[in-house]
Structures are given as structure tokens and as C-alpha cells.
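**Q** What follows is a single structure, and I will ask about it in a moment.
The values are calculated or read from the model by the stated rules, or taken from the named source; none is laboratory data. Remember, predicted model here, so these are calculated numbers, not experimental data. FYI the Cβ positions are ideal-geometry reconstructions off the backbone, even for glycines, and counts take in every protein chain you see. Each accessible area value is taken on the protein alone, full model and side chains, heavy atoms only, with ligands, DNA and RNA left out. Shrake-Rupley method; radii C 1.70, N 1.55, O 1.52, S 1.80 Å.
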Amino acid sequence: MTELPDRLTFNLATILTFGAFAALVLNAMFGPLAALTFMVCGLLLIVNNPHRSLDSLRRWWFVLLLPAYCMLTALWSQYPSNSLRYGVQLMFTAVVAVIITGRLSTATLMRMMFIVYGIGVLASILVGKTGAGGAWLGVFGSKNAFAAHIAVFVLIAVAVAADRNSHWVLRLAGIAGALASGPLLILAQSAGATLMVVPCLGIILLTLLTTRLPGTQKLFVLVMLGIVAAALVLLVIVAGDTLLAEVLEGSGKDPTLTGRTDLWATGLSYIAERPLQGLGYRSFWVIGFAPAEELWAMFDVPAGAGFNFHNTYISNAVEIGLIGLSMQIVLIYGGAILMAAYTFARPNAANALLLALQVLMILRSFIEVEVFFEFSIRSIMGIATFIYAAAGLLALRRQAAHAQRQTPKGLMSHARIPARPRPYPHADL
């Protein structure tokens with residue numbers, strides 16, 4: 001392993017993870033080789049250190065229950081071969097996500113993602129193109145994909161720029177990336193991406209500000225943030241539809257989210273028919289299935305073009321039912337809650353970034369479907385965030401218990417024996 005100043009490390013696991021992430025993030029550039037590149041890098045990562053791979057899978061086996069259930073839906077799926085095949089691919093993707101958390105620190109992952117997403121941004125600036133409506137598409141073929149890429153990149157860039165442990169060259173690049181992201185988001189003409197990235201940026205900045213505060217003041221800030229979050233949730237519940245419609249109308253967008261409300265109504269009707277088990281994993285948007293063909297025709301989308309219900313909960317409940325959806329909600333929201341607790345305990349740039357990305361996933365889940373799919377970078381990050389947070393909290397708990405056991409009792413209670421802290425799974429946890 002080669003180690004450079006400021007904890008910038010390179011080893012085989014990092015290189016293989018870089019290759020796997022690049023294939024998924026830059027899939028428009030890799031083309032048909034994207035899935036193959038990911039599988040090759042993922043498989044090499046698994047077999048590179050089988051002992052550590054097996055140990056990670058043994059510790060976090062329960063996160064694999066979701067892909068296992070997706071495979072199980074082949075028993076009642078109307079397209080069992082689809083459910084089994086895509087379920088196996090989702091299992092492989094989840095296994096790779098689990099193993100990454102055992103091989104890379106959160107800081108290394110953050111810096112690696114900055115490079116991968118930065119390549120996409122540079123390529124979009126140099127050789128990108130404009131769509132029919134005037135929106136910038138970059139190298140991603142659609143303005144939504146480009147806007148989603150920039151939204152993630154700006155969060156990573158800000159986190160890297162604010163990370164005092166990163167090399168100064170990387171921090172300067174982070175500042176440049178953050179400054180360039182604003183105009184690129186405007187060029188993408190995506191009001192939703194712009195709105196959603198603002199609170200996520202706030203999470204990163206507030207987290208880094210709390211590093212200078214004592215425990216009581218951090219707790220006060222946390223309580224205030226909780227009150228503000230509760231107020232925002234209440235506002236969204238009461239007037240969310242009205243506010244969103246006004247914002248979309250003001251930006252020249254369709255207030256019905258391009259007919260998504262009609263899609264949602266259709267999805268809810270299928271959920272009502274088979275609420276618990278669903279139709280089967282990846283068994284609705286199939287060429288030849290009459291309801292899917294009807295929706296493709298209704299929205300003037302070519303059959304098999306990857307259309308969806310534009311709502312994570314509705315879309316996934318249609319296929320894997322409320323049972324499978326419950327597993328997904330545990331990973332999505334459980335990861336956010338655990339990472340929020342861990343970021344409060346150990347506020348740093350990497351933890352703040354993972355929390356912000358998880359919150360961005362939650363915000364986008366109401367109008368897009370990003371998880372859980374095979375060969376999906378957002379699915380990998382959702383699983384990884386859950387594991388990183390849980391592993392960090394467990395390490396803190398073990399360290400506190402070990403320190404307490406080292407404290408003398410009775411006549412020697414005045415003495416203090418330095419505790420030998422148990423190491424974290426990673427240096428940056």
C-alpha cells in the first residue's frame with residue numbers, strides 16, 4: 001500500500017472500488033461495458049482478500065435479506081425469470097457494497113468519489129451537448145441524469161474542500177468544483193435538483209461548524225435542527241403539494257410533474273390488488289405486459305425505455321409489496337438516523353457527506369426511483385451508509401465500555417488507568 005501525506009492512500013481495494021464506481025457513475029461513457037466492468041472489479045474485490053470479505057458478510061448478513069427477498073418473489077412473479085435474474089444481480093451489488101465498507105475508510109471513499117464524479121463533470125464541460133429544450137445534457141444523455149450527477153458532485157466537492165485532513169491540492173480542487181457546480185445546475189434547468197441540494201449542503205456546513213462547539217452547545221444545535229426539521233415536515237404534509245406546484249409553475253415546469261400524479265394513481269391501484277407480496281421484482285415494466293405497454297404509449301415513451309412510477313415507495317411496492325418496501329425503508333431511513341447519530345458523535349467531512357447523500361436520496365425518493373436496483377451507485381451508497389454508521393456507533397460503544405471497565409473501584413478509585421481504546425474498523429470512522 002502506498003500512503004501519501006494527509007491520509008491519501010492507494011491500495012488494490014481502492015483501485016478496484018474506483019473502477020467499480022467509475023463504471024456505474026460514468027455508465028454513459030462506458031456504454032455496454034459498464035455492467036461488465038463493475039462485475040469484474042467487484043469480483044476481484046471479493047476474492048482479493050476472501051477472509052475480510054467473508055468477515056464483512058458475516059457481520060452484516062441481514063442487509064442481504066432485501067435482495068434475497070427480491071429473488072424469492074420469483075416464486076409468485078408473473079415474470080419469474082426476470083425476478084430471479086435481476087434479484088441475483090441485486091444480490092451481487094449488495095455484496096460488493098458490504099465488502100467496500102470493510103475495505104475502505106469513509107474519508108478514502110469520499111475522496112475517491114470526488115475524483116469519479118469530477119471526471120463526469122469535466123467530460124460534460126469539455127464534450128457535453130445541449131438537449132432539444134436548451135438544457136445542458138453533459139455526457140449523460142438527459143438533463144435529469146446530468147442534474148442528479150451535479151447535485152451529488154457539489155455535495156462531495158464542498159465536503160472535500162472543508163476536510164482539513166485532505167491534501168491541499170484536493171481541497172483547492174473541491175473549491176473549484178463547488179464553484180463550477182452552481183452554473184452547471186442552472187444549465188441543467190432542473191428546479192427539483194436545485195431545491196433538494198440546498199438543505200443537504202446545509203447539513204454538511206452545520207456539521208462542520210459543530211466541530212468547534214462543546215457537547216452542550218452541539219446538543220442545543222441538534223435540538224434546534226430537530227425542531228426546524230419537524231416544522232418542515234409538518235409544512236410539507238400540510239401544504240407540500242401547493243408549494244411544489246407554485247415552484248414548478250414559477251420555473252416553467254408542469255405542476256403535475258409531467259403527469260406523475262396519473263402514474264402514482266395507477267401504481268396505487270396495483271398495490272391495492274397485491275399489497276403484501278407485490279407482482280414480483282422487476283416484473284411490471286416488461287415488454288409485452290399490457291399495463292406497462294399502455295403507460296408507455298400514454299406518455300409517448302418507447303417500450304422498454306426504463307420508465308418508472310417516479311416514486312420510490314409506489315414503484316417498489318408495486319413489485320415487491322409492503323414486505324419488501326419495509327426492508328427498503330429500514331435501510332434508507334435507518335441509515336439516515338444512524339448516520340445522523342454517528343455524525344453528531346464524530347462530526348467530520350466524510351460523515352457529513354454520507355448523511356447529506358442519504359438525505360438527498362430520501363428527498364428524491366418522492367419523485368424518482370433510484371434504489372434498490374442492480375448495478376446502481378445509489379443502492380451501493382445507501383447500503384454502505386447504513387453499515388458505516390452502524391459500525392461506527394458499535395465501535396464507539398465498545399470503546400466506552402472498555403474505558404469504563406478500566407476505571408478502578410473501591411480503595412483505588414482515585415487512581416486512573418489509561419484505557420487502551422479498541423481500534424475502529426477504519427482510521428476515519
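**Q** By how many nm would the segment from Arg52 to Gln404 lengthen if fully extended, with 0.36 nm per residue of separation less the alpha-carbon distance? Display every interim value, and only then the final one.
**A** On the way: separation 352, 0.36 × 352 = 126.72 nm, distance 2.95 nm.
Roughly 123.8 nm would be gained on extension.
**Q** Does the range 74-153 classify as rounded, prolate or oblate by the C-alpha gyration tensor (a ≥ b ≥ c root eigenvalues; a/c under 1.5 gives rounded; else a/b over b/c gives prolate, otherwise oblate)? Mind dumping the intermediate values first?
**A** Details: a/c = 3.90, a/b = 1.33, b/c = 2.92.
Note, shape of the range 74-153 comes out oblate.
**Q** By how many nm would the segment from Asn11 to Ala345 grow when fully extended, if each residue of separation counts as 0.36 nm and the alpha-carbon distance is taken off?
**A** 117.4 nm
**Q** Using the alpha carbon gyration tensor of the range 254-364, what are the three equivalent-ellipsoid semi-axes (square root of 5 times each eigenvalue), largest first, in whole Å? Can you show the working numbers first?
**A** Values: eigenvalues 210, 56, 25 Å².
Equivalent ellipsoid semi-axes, largest first: 32, 17, 11 Å.
**Q** Using a 1.4 Å probe and counting only protein heavy atoms, arrange Trp61, Trp168, Trp296, Trp136 so the residue with the most accessible area comes first. Don't skip to the answer; put the middle values down first.
**A** Numbers: Trp61 145, Trp168 165, Trp296 5, Trp136 55 Å².
So, going from the largest accessible area down, we get Trp168, Trp61, Trp136, Trp296.
**Q** Determine ³J(HN,Hα), in whole Hz, for all residues of the range 168-173 in sequence, where each value follows from phi through the Karplus function 6.51 cos²θ - 1.76 cosθ + 1.60 and θ = phi - 60°; x replaces Gly and Pro.
**A** 4, 5, 5, 5, 5, 4
**Q** For a test of the definition: using alpha carbon positions, the gyration tensor, and the 1.5 limit on a/c, classify the range 136-226 as rounded, prolate or oblate.
**A** oblate
**Q** Right, next: If each residue of separation counts as 0.36 nm, what is the full-extension length gain between Ile125 and Asp262 once their alpha-carbon separation is subtracted?
**A** Working: separation 137, 0.36 × 137 = 49.32 nm, distance 3.59 nm.
Answer, rounded to one decimal: 45.7 nm.
**Q** Would you mind checking which residues have amide H under 5 Å from Leu137's amide H? H placed 1.01 Å from N; only 5 or more apart, or other chain.
**A** Correct list: Lys129, Thr130, Gly131.
**Q** Just to be sure I understand: if I project the alpha-carbon convex hull of the range 262-314 onto a plane and average over all orientations, what area do I get in nm²? The partial results should precede the final answer.
**A** On the way: hull surface 14.1 nm².
About 3.5 nm², averaged over all directions.
**Q** Separate question: Could you go through the range 395-405 in sequence order and give the Karplus-derived ³J(HN,Hα) for each residue, using 6.51 cos²θ - 1.76 cosθ + 1.60 with θ = phi - 60°, rounded to whole Hz, and x for Gly and Pro?
**A** Rounded to whole hertz, the list is 5, 4, 5, 5, 5, 5, 5, 5, 5, 5, 5.
**Q** Label-point separation (nm) for Val40 and Ser142, each offset 7 Å from Cα along Cα-to-Cβ?
**A** 2.8
**Q** If you take the Cα atoms of the range 55-192, find Rg, then find the Kirkwood Rh from the mean of 1/r over all pairs, what is Rg/Rh?
**A** Rounded to two decimals, Rg over Rh is 1.10.
**Q** Over the alpha-carbon set of the range 303-408, work out the extent along each principal axis and list the three values in angstrom, largest first.
**A** Here the spans come out as 70, 29, 21 Å, largest first.
**Q** Output wanted: per-residue J couplings in Hz (rounded whole) for the range 139-146, from phi through Karplus 6.51 cos²θ - 1.76 cosθ + 1.60, θ = phi - 60°, x for Gly and Pro.
**A** Going residue by residue, I get 10, 9, x, 8, 5, 5, 5, 5 Hz, with x marking Gly and Pro.
**Q** Within the range 344-374, list the residues whose amide N lies under 19 Å from a label point set 7 Å along Cα→Cβ of Leu219.
**A** Only 344-347 fall inside the zone, counting backbone N under 19 Å.
**Q** What is the spin-label model distance, in nm, from Arg212 to Ala272 if the labels are put 7 Å beyond Cα along the C-beta direction?
**A** 5.6
**Q** Okay, moving on. Can you tell me the relative contact order of the range 17-80? Whole percent, Cα pairs under 8 Å, sequence separation 6 or more. Show your work: numbers first, answer last.
**A** Numbers: 27 pairs, mean separation 14.6, N = 64.
RCO, the range 17-80: 23 percent.
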